[in-house]
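Only the coordinates and a few stated rules stand behind these numbers; no lab work does. What you see is a predicted model; the values in this text were computed from it and never measured. Counting neighbours? That spans all protein chains shown, and the Cβs are built from the backbone with ideal geometry, glycine included.
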Amino acid sequence: MNGVSDRTSFLFVPLREVPGNFDVVLANIHDYTLRSMANELTDKLKRNGWLGLSGISSAQVSRVEACFPRVKFERPINRDEWVGLVGKVVG
C-alpha cells in the first residue's frame, strides 16, 4: 500500500494487550482519549523512546502535555487548526 507493510503490523485489541515496548509510539485521537491513555501510551515506549501525538487543537496542548510528565515535548507543530506533539521519554 505505502511501502511499509513488511515493517508494520496492526492490532485491534486494547493497548494493554499489545505485546512489547517500542522505540516510537504514535497516536492520532481526541485529546480526552490521549489524556486518559497517557500512562498506557508512555508505558509502551522503550527507554529513550519517542511519542507522537496528534488530533489536538492549540487550546488543548497544555492539558495534554500535563498528562505526560515522563515525556519532554519539543515545540508543538501547528498545521491549520491542528497541533502535533513529539517528545522523548525522560528518566
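Calculate how many DSSP beta bridges within the chain are antiparallel, expressed in % of all such bridges and rounded to the nearest 5. DSSP beta bridges in the chain are roughly 65 percent antiparallel. Packing-based ranking of 7-14, 32-39 yields 32-39, 7-14, ordered from highest to lowest mean Cβ neighbour count within 10 Å. Values [x] 11.5; [y] 6.6; [z] 5.2 are given for comparison; mean projected area of the Cα convex hull in nm², derived from the coordinates here, is the one labelled [y]. Counting every other Cβ atom within 10 Å of each residue's Cβ, 74, 17, 65, 40 order from fewest to most as 17, 74, 40, 65. Roughly how many whole Å is it from the C-alpha centroid of the range 49-63 to that of the range 72-86? Spelled out, the Cα-based centre of one part sits 6 Å from the other. Note on residue 79 and residue 40: the extension gain reaches 11.4 nm, defined as 0.36 nm multiplied by sequence separation minus the Cα-Cα distance.
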